[in-house]
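Here's the structure, in structure tokens; my notes come after.
The values are calculated or read from the model by the stated rules, or taken from the named source; none is laboratory data. This is a predicted model, so every value here is computed, not measured. For neighbour counting, all protein chains shown are included, and Cβ atoms are generated from backbone atoms with ideal geometry for every residue, glycine included. Protein only, heavy atoms only, side chains kept; ligands, DNA and RNA dropped before computing areas. Shrake-Rupley method; radii C 1.70, N 1.55, O 1.52, S 1.80 Å.
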Amino acid sequence: MINTHWHFDHSDGNEWLHSIGAEIIAHENTRKHLSEVQRVEDWDYNFLPQPKGAIPTEVFAKEHRLELSGSSIGLRHYGPAHTDSDISVTFAEANVLHVGDTFWNGVYPFIDHSTGGNIDGMIAACDANIAAATNDTIIIPGHGKPVSNKAELTEFRDMLVAIRENVAKLKAQGRSRDETVVAKPTAAYDAKFGNFVIDPGFFTRLVYETV
Ligand SMILES: [Zn+2]
């Protein structure tokens, strides 16, 4: 089993699957975060250390390769993006790219600055994913419509870039976080991207924190 990052909605099956024989492979920061108390400020929540059976059994720092039933699987760390533990998973022969929570298809994403995420890293991860994909690549996001492609990913990246610029301008003018939310820097994108758990105000606050 591969964890794309440490968040509970992507790792809560660890102990169960490990108990029936699965090895758990992840970035080294995923193991660190699952082993210690994690405070996520934006959820106002402390995640407790996971039991031993839920901790990744094999970790890596930058890249890792696996062979499984004749398929080659490439794992690659993004650097800080949605968290500091995000990896991509490439199924080469099938031309499938799983990008974890660096891509929320058609909705505003969460960015977890409490464990190392930031907006510029999210944009850099999207650029890396776009560079790694062809027009035929099946791209699997962490949230949103579950099967995607390069065109939808590019639309998501362009949204991140535009909102980052808007928020950076308002912050540079000396506006507080609340004043920046009131200025609605996401307005042009809300009808399309603002209809999931991360609403326009929440997303503006997340970008403001790390821009
Ligand atoms: Zn996540």
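General remarks:
- Among the helices (runs of 4 or more DSSP H) confined to segment 102-211, the ones with at least 3 residues that are β-branched (Val, Ile, Thr) and within 25 Å of ASP9 (Cβ to Cβ) are located at 119-132, 200-210.
- Considering (1) at positive phi; (2) away from the ligand (no atom under 16 Å from the Cβ), the lone condition that GLY79 does not fulfil carries the number (2).
- Qualifying residue in segment 45-59 (condition: within 15 Å of the ligand (Cβ to nearest atom), outside any loop (DSSP other than H, G, I, E, B) and either of a type in the set (A, V, I, L, M, F, W, C) or surrounded by 15 or more Cβ atoms within 10 Å (Cβ to Cβ) (or both)): yes
- Checked against (1) within 16 Å of the ligand (Cβ to nearest atom); (2) touching a Gly at 6+ places or on another chain (Cβ under 6 Å); (3) more than 26 Å from ALA188 (Cα to Cα), ASN105 passes all but a single condition, namely (3).
- Filtered by the rule that a residue be part of a loop (DSSP other than H, G, I, E, B), among the small types (Gly, Ala, Ser) and open to solvent by 60 Å² or more (accessible area, probe 1.4 Å), segment 1-39 gives no residues.
- For segment 78-97, a tally of residues being within 22 Å of ILE119 (Cβ to Cβ) and not in a loop (DSSP other than H, G, I, E, B) returns 3.
- Members of segment 64-76 found to be among the charged types (D, E, K, R) and either over 19 Å from the mean Cα position of the chain (by Cα) or within 16 Å of the ligand (Cβ to nearest atom) (or both), listed by number: ARG65, GLU67
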